[in-house]
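Taking it in order: structure first as C-alpha cells, then the write-up.
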Amino acid sequence: MSKDQNTNLDDRYNPQNVEARVYAEWEKAGYFKSHDQSNKPPFSIILPPPNVTGFLHIGHALDHTIQDLLIRWKRMSGFNAMWLPGTDHAGIATQSVVEKDLKKQGITRHTLGREKFVDKIWEWKHEYGDRIYRQMRRLGDSCDWDRATFTLDEGVSRAVRKVFVTLYKKNMIYKGLKLINWSGPLETAISDLEVEHKQVKAAIYHINYPVDGTSAFLTVATTRPETMLGDTALCVHPDDERYQQYIGKTVTVPLIHRKIKVIADTYVDREYGSGVLKVTPAHDFNDYKIGKTHDLEFINILNKKTELNENAGPYQGLKVTEARKKVCEDLKALGLLIKEEPHVHSVGHCSRSGAVVEPFLSEQWFMKMDDLAGPAKRVVESGTVRFEPESWSKVYLHWMNIIEDWCISRQLWWGHRIPAWHCEACQEHTVSETDPTQCAKCGSKNIKQEDDVLDTWFSSALWPFSTMGWPDENTHSLETQKTFYPTSYLVTGHDIIFFWVARMILMGLEFKKDVPFRTVYIHGLVRDSKGQKMSKSLGNSVDPIDMIDKYGADALRFSFLAHLFSGKDLKFSEQRLEGYRNFMNKIWNAARFALTNLADFKVPAEGLKALPNAKDMSVFDQWIVTKLADVEKKVDEALEAERFSDAATALYQFIWNQFCDWYIEFTKPTITSSPATQLVMAHVLNRIVRLLHPFCPFITEEIYSKLPLKSEACIIDTYPNIRNDKEFLALGNKQIEAEIDLIKEVITAIRNIRGELRISPAVKLQLRLATNNAKAIEILKTNQTAISLLGRTENIAIGDEGNLNKCAVSQVNSTDLKVKVIIPLEGLVDFNEEVKRIQKTIEKLDKDIALLTNKLSNEKFLQNADEDVVAVDKELLLQSKEQIVLLKEALERFK
C-alpha cells in the first residue's frame, strides 16, 4: 500500500490477481492486530468457532461477512478492534469423520485403543485443521490471527477443568440415571442440536391390553409397538368417564405377561386416539416425566447398540426395526393387533450416523441449571444483553423458563475427558483440576478416570473468556480480559440461541460476574433462490469458495449484506451474485476513468486536507459533494442501527446512480482542464473506497493503493461520516443539488422516450421544455449544454409547450419544480405502428389491472400473503393505472 505505487489499474478487475496478494500485504503489515493496552476504545467480537475439520459453508460465509463488516468499520472508526478466531474440536463430528476414514482401512477405534485413536484424530487435525482458516482468509476475514484458539488448547483445557471442579464442589454437577437422546451406531448420548427431525412414512398400531379379571380390553395407539415390552403403566385422563372404572386396576402387557397398573394423569389428551396412553418411562421423554410423578418402574429394553436386551424376553438381540416387525406378527397371531393405519410423522435421526435416535435410560453426568437461569434471565430482561432483532429475546426467555438439567457427558474419546476419578475401593469420585494419584476420600490408589468426555458445548460455553487466558492470572491474561471482556457483539444463527448463547451467558455470569457480550445479532438462514433450505440431498447447496473463485469475494460479501434484513432468512441467488460482480466491474471502470483523467493531477502539499476553492467548483462538483454528504449520513445511521442492507443499498445507489452514471458523465468535458473538478473527483473517489471498504475490502484496497489522495492503507484509514468529514462536505449546496436533480430528470425523460420509441442514439432530437416557472426556466437555460450533450438533442426551446400533436410528452417533477419534456416525432417514427403498439399495451394493462384488482379484493389472499407481496401488488396496480392514463393521452396525440 505504499504511496509510490503504480497508479494504473488493469483493464479488467480480476479478483484472482488481487485478493491473495492484498490479504498477504494486510497480514504482513499487522493491520489485523489488536492491543491489550491502548488509548483507543475497545471493540471485540469472538468468532463462533467452526468445526476444526470442517469446510466453510454458505452459512459461515454470511456469519463471517457480518462480523468482518463490523470489525473493519470499527477499526476505521478509531476503535481498538479485536476479532478473535478459533476452531472447535467438535467431539462427535470429528470423531465420526475419523472413524469413517479408519473404517475404509478395516480399522475400528476399539482395535486401536483410546490413546492411539486420539493420536489419529490429532494427526487429522494437524492435516486439515488449517483448511477452514485458509478459507476464511479467502473471504477476507480480518481476524487477529495471533489470538487464534482451539478448544483443546492447553489454556482452554485448564479453564474447562476449573469450571467443572468448581461447579462439582458447589453440588451443581452430579452423576445420575436419566433419559437422554442416544445414538446407537455412535454409542453415545447426543444433544438436541444433533437430532435431525425427518418426516417418515410409518404406521399407527392399535393394540388391545387385556384388563385383568375381566373380558374387557383397553386399546392403545402407538407408532412404536416394540416399546410395549418396557411398559410399566397405562394412563388415562382422570375426568374421562369412559375409563374411570379402570383406574387402579391392572392390565397384562401382551407377549411378556407383565401386570401393570392403570393410572390417571391430566397430561393425557382425551381426544387423541383412544384416550389411553401406554407409559414407557425408560424410552419416551413425556413418559419419563409421568414415570417420575407416579413413581413407576423404569425398564430399559435396549443395549448401547440399540438392540433389544434381556428385559425384552424372546426378542433379545433383535434390532429395533426387526423387533417391531416380530412384535406385530406375534400380536396379530394373538388377535391383539386390531388395526394398523398408515401414518406420516416426524422422527429424530442422528445427524452424524443417520440412525434413528432412541430415548435411552443411561447413567450420565449432569449440570444443574435452575440456580444459574435466574441471573441469566434478568440480564436479558433488563437490557444488559440486547438481542437484535428483539423478538429473539422472547425465545431466549421462554427456553430459560423451561430449562432442565444439562447432560454434559458423551461416550466419546475425542474431547475434554471428565476430570473425575472413580475409586474401586469406596466407590466415590475424586474430582480435581490436576490428575490425582489416590482417592480423596479413602486414600486408595486404585482409582480410574472417567472414560466419558464433556459435551462440546461445555467448552464452547466458556469461549468468551477461556480464549482470553482465564483462569490464568498473569499480566497478559488479566489485561486481555480487562480490555476486551465483555465482548461487544455476538453474531450467530437462531438455531443455537439455547445451546450456545444461553450457556455462554450462564457461564459468564457465574465465573466472570459479567455478561459475555452486550449485543447478540441474530441472522437468518441462507436458503436457495426459491426459499428452500439448502442441503446436499436436495442438490441445492452452494460452496462459497466456488462462488469466490467464480465471482470474487467482494461480490459474494456484498450480495449477503445488500439483502440482509433483520432476523429474516436470506434467499441466495447466483444471478444476483452475478449482478454484484457487475457492480464491482462498474466501480473498477469508474476508478480507471477517474485515475486516467487525474494523470496530470498535481497533489497539493496539504494532501488529503487540501480543499478546492468554492468559487472554482462547477455546479456538478457541488452537486456530488451534497450527494456524498447524504450517503455518509445514511450509511453511518444504518450501520449504527445494524441496518446493514440499508447501508449497502445507499452505497450501491450513490456509486452506481450518482457517481458513475451522472457525475462522471457531467464532468467528462471539463475534468482535465479544471483543477477544482480534479480535486473534487480525487476526494470523492477516496471517500467512496473508504465507505465501501468494510463491505468489499479487496477491490477497495487495490483501488485505494492507486489513488493520488490517500494515507498508508484503506483498512486503517478513517471511516467517513458527516462529523469527521464536515470541512469537505461543507462545499456542497442543497439548492444546487435540487437544480441538478431537475436536469437529471429531464435528461432521463429524453433517454426514456428515445428508448421506448426505438429512436437511434445517433439521431439528435428536437426538444421543447415547457414550464411557466421562472426559476425552472433559469435552471434549464443555465444547463442547456449538459442537457444537449447527455440527452443528444439540438434546438432546445424553453417556455411554452406549443402544439403537442405527433409529440412524445413526459412530465418531470423534481422537488417543487415541474417541467414537461416534449419531443416532436415527425419523420422519426411510424405513427400507425406506434398506435397499434400502444393499443396492445393498453389491452395487456387492462388485463393486469383486472387480475390485480381481483387478487387484492380477495380477503383470503390478504390474510395469508406476506405484507411485502401485498405492498408490491398494490404499487403495481397503482403504476398500471397511471401508465394507462399516459398511454391513452399518447394515443390521442398520435392519431
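The values are calculated or read from the model by the stated rules, or taken from the named source; none is laboratory data. Small disclaimer: the values here were computed from a predicted structure and weren't measured. Glycine also receives a Cβ, built like all others from the backbone with ideal geometry; neighbour counts cover every protein chain displayed. The protein model used for the area step is the full one, side chains on, heavy atoms only, and it has no ligands, DNA or RNA in it. Shrake-Rupley method; radii C 1.70, N 1.55, O 1.52, S 1.80 Å.
Data overview
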{"quantity": "Segment 146-215: C-alpha gyration tensor shape, a/c 1.5 cut-off, then a/b vs b/c", "calculated": "oblate"}
{"quantity": "Student exercise, segment 303-459 dipole from Lys, Arg, Asp, Glu Cβ charges, in Debye to nearest 20", "calculated": "260 debye"}
{"quantity": "Accessible surface ranking that places the most exposed of 152, 707, 828 first, with a 1.4 angstrom probe", "calculated": "828, 152, 707"}
{"quantity": "Cross-link partners of residue 304 among lysines (Cα-Cα below 16 Å; sequence separation of 8 or more within a chain)", "calculated": "178, 319"}
{"quantity": "Environment charge of residue 22, counting only residues whose C-beta is closer than 9 Å and scoring Lys/Arg +1, Asp/Glu -1", "calculated": "-3"}
{"quantity": "Stokes-Einstein diffusion coefficient of segment 240-321, Kirkwood radius over Cα pairs, 37 °C, 0.692 mPa s, in µm²/s", "calculated": "230 µm²/s"}
{"quantity": "Antiparallel DSSP beta bridges within the chain, as percent of all bridges there, nearest 5", "calculated": "70 percent"}
{"quantity": "Distance between modelled label sites at residue 252 and residue 518, nm, 7 Å Cα→Cβ extension", "calculated": "7.2 nm"}
{"quantity": "Virtual spin-label span in nm between residue 473 and residue 37, 7 Å along Cα→Cβ", "calculated": "2.0 nm"}
{"quantity": "Flagged links, alpha-carbon separation over 19 Å, of 615/818; 820/895; 609/710; 806/847; 482/512", "calculated": "615/818; 820/895; 806/847"}
{"quantity": "Segment 1-157: equivalent-ellipsoid semi-axes (sqrt of 5 x gyration tensor eigenvalues, Cα, Å)", "calculated": "36, 20, 13"}
{"quantity": "Value in Å of the Kirkwood radius, where segment 760-895 supplies the Cα pairs that are averaged", "calculated": "17.6 Å"}
{"quantity": "Cα-based reach from residue 249 at 18 Å (exclusive), listing aspartates and glutamates while leaving out same-chain residues under 8 positions away", "calculated": "212, 231, 239, 240, 241, 265, 295, 297"}
{"quantity": "Residue 407 accessible area, 1.4 Å probe, all protein chains in place, Å² to nearest 10", "calculated": "20 Å²"}
{"quantity": "Computed accessible area, residue 421, all protein chains, 1.4 angstrom probe, square angstrom", "calculated": "20 Å²"}
{"quantity": "Residues residue 883 and residue 775, FRET efficiency given R0 of 22 Å [Cβ-Cβ distance, rounded to 0.05]", "calculated": "0.15"}
{"quantity": "Beta bridges per DSSP with both ends in segment 371-526, % antiparallel, nearest 5", "calculated": "50 percent"}
{"quantity": "(i) 30.4, 103; (ii) 35.5, 112; (iii) 36.6, 105, with the label sought being that of the calculated Rg and Dmax of the Cα atoms in Å", "calculated": "(ii)"}
{"quantity": "Length-normalised contact order for the chain - Cα pairs under 8 Å, 6+ apart - percent", "calculated": "13 percent"}
{"quantity": "Nearest-0.05 FRET efficiency for residue 294 and residue 111, computed from C-beta distance (R0 45 Å)", "calculated": "0.50"}
{"quantity": "Helix 734-756 axis, angle to the chain major axis (alpha carbon atoms, nearest 10°)", "calculated": "90 degrees"}
{"quantity": "In degrees, nearest ten, helix 114-128 long axis to first principal axis of the chain (Cα)", "calculated": "10 degrees"}
{"quantity": "Cα→Cβ-extended label distance, 7 Å offset, between residue 673 and residue 325, nm", "calculated": "9.2 nm"}
{"quantity": "Percent RCO, i.e. relative contact order, over segment 406-527, from Cα pairs under 8 Å lying at least 6 residues apart", "calculated": "21 percent"}
{"quantity": "Efficiency of FRET from Cβ geometry, residue 533 and residue 146, R₀ 30 Å, rounded to 0.05", "calculated": "0.20"}
{"quantity": "Relative contact order [Cα under 8 Å, 6+ residues apart], segment 268-308, whole percent", "calculated": "26 percent"}
{"quantity": "Kirkwood-type radius of segment 675-783, with distances r between different C-alpha atoms, in Å", "calculated": "17.5 Å"}
{"quantity": "For segment 135-277: rounded, prolate or oblate by the Cα gyration tensor [a/c cutoff 1.5]", "calculated": "prolate"}
